[in-house]
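Colleague: Here it is: the structure, laid out below.
The values are calculated or read from the model by the stated rules, or taken from the named source; none is laboratory data. What you see is a predicted model, and the numbers here were worked out from it, not measured in a lab. Glycine also receives a Cβ, built like all others from the backbone with ideal geometry; neighbour counts cover every protein chain displayed. Surface areas here come from the heavy atoms of the whole protein model, side chains and all, with no ligands, DNA or RNA. Shrake-Rupley method; radii C 1.70, N 1.55, O 1.52, S 1.80 Å.
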Amino acid sequence: HAVACGYFLWDSLDAVVNFTDVGFVVHGVACLAIYAMSFRPFVAYFGLRCLLWETSTFFLNIHWFMDKTGRTGSTAQFVNGIFLLSAFFGVRLMYGGKVSIDFVRTLVQVRREIPWTYFIVFGIGNIVLASLNWFWFTKMISALRRRFDEGDAKSLQRTRLVNGATHGNYGTGN
């Protein structure tokens, strides 16, 4: 858990310094708070399982790198995108959803044995992070749709040009 604290400290600082979206800042700070407070016996079981959620980050970083190095839309980025969406859906949403439910159940069971601040931070953090995962997944699907819609629009434009249609005239000569 100490290594996770170091990672999420770096992640939080990076999200603030290279600010692009408040969601990244919230993610980093929430994970840092949760892992900094996770040196309790019942949390150790869940801590490692929740770190598996970061599996999709490997593919996200590769995707970003391909964008920055001019490989946007390449076959390699497409294949990486499939791995990214699969890992995100399978690990963060499906497996992560189950782990979150189990964690909340355990949290409720031990609520009288832990300080109320732990109960609040763990409970709210769990809800916020799960919500961010669903929000980000919908953004990923939306971005994928836009990419294919743009491809369809370009294909339609090429078809119009081949058929002699310009500016929406569809070859009517007007």
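Colleague: Could you look through the stretch 7-21, keep only residues that are open to solvent by 40 Å² or more (accessible area, probe 1.4 Å) and under 25 Å from PHE119 (Cβ atoms), and pick out the one that is modelled with the lowest pLDDT?
Modeller: TYR7
Colleague: Inspect the stretch 38-45 for any residue being surrounded by fewer than 15 Cβ atoms within 10 Å (Cβ to Cβ), in contact with a helix residue (DSSP H, G or I) (Cβ under 9 Å, 6 or more places away or on another chain) and of a type in the set (Val, Ile, Thr) and give the result as yes or no.
Modeller: Checked against the condition, which is being surrounded by fewer than 15 Cβ atoms within 10 Å (Cβ to Cβ), in contact with a helix residue (DSSP H, G or I) (Cβ under 9 Å, 6 or more places away or on another chain) and of a type in the set (Val, Ile, Thr), the stretch 38-45 yields no hits at all.
Colleague: Here is a follow-up. Of the conditions (1) modelled with pLDDT under 95; (2) among the polar types (S, T, N, Q); (3) within 19 Å of the chain's Cα centre (by Cα), SER86 satisfies every one except a single condition; which number is it?
Modeller: Among (1) modelled with pLDDT under 95; (2) among the polar types (S, T, N, Q); (3) within 19 Å of the chain's Cα centre (by Cα), the lone unmet condition for SER86 is (1).
Colleague: For the stretch 8-53, give me each residue that is under 17 Å from the mean Cα position of the chain (by Cα) and in contact (Cβ under 8 Å) with a residue 24 or more places away in the chain.
Modeller: PHE8, GLY23, VAL26, HIS27, ALA30, CYS31, LEU32, ARG49, CYS50, LEU51, LEU52, TRP53
Colleague: Return yes or no: is SER38 closer than 18 Å to LEU129 by Cα and part of a helix (DSSP H, G or I)?
Modeller: No: the conditions fail for SER38.
Colleague: Out of all the residues in the stretch 74-103, which are surrounded by 13 or more Cβ atoms within 10 Å (Cβ to Cβ), aliphatic (A, V, I, L, M) and over 13 Å from CYS50 (Cα atoms)?
Modeller: LEU84, LEU85, ALA87
Colleague: Being closer than 11 Å to LEU84 by Cα and open to solvent by less than 50 Å² (accessible area, probe 1.4 Å) is the filter here; which residues of the stretch 60-73 pass it?
Modeller: The one that is closer than 11 Å to LEU84 by Cα and open to solvent by less than 50 Å² (accessible area, probe 1.4 Å): HIS63.
Colleague: Moving on to the next point. List every residue pair whose Cβ atoms lie under 8 Å apart, where the two residues are 6 or more positions apart in sequence or sit on different chains, the first residue falls within the stretch 68-82 and is without any contact (Cβ under 8 Å) to a residue 40 or more places away in the chain, and the second residue, located anywhere, is open to solvent by 60 Å² or more (accessible area, probe 1.4 Å) and among the acidic types (Asp, Glu).
Modeller: GLN77/ASP67
Colleague: Right, something else. Scan the stretch 111-123 and give yes if some residue there is in contact with a helix residue (DSSP H, G or I) (Cβ under 6 Å, 6 or more places away or on another chain), under 26 Å from VAL26 (Cα atoms) and exposed (fewer than 15 other Cβ atoms within 10 Å of the Cβ), otherwise no.
Modeller: Yes: one or more hits.
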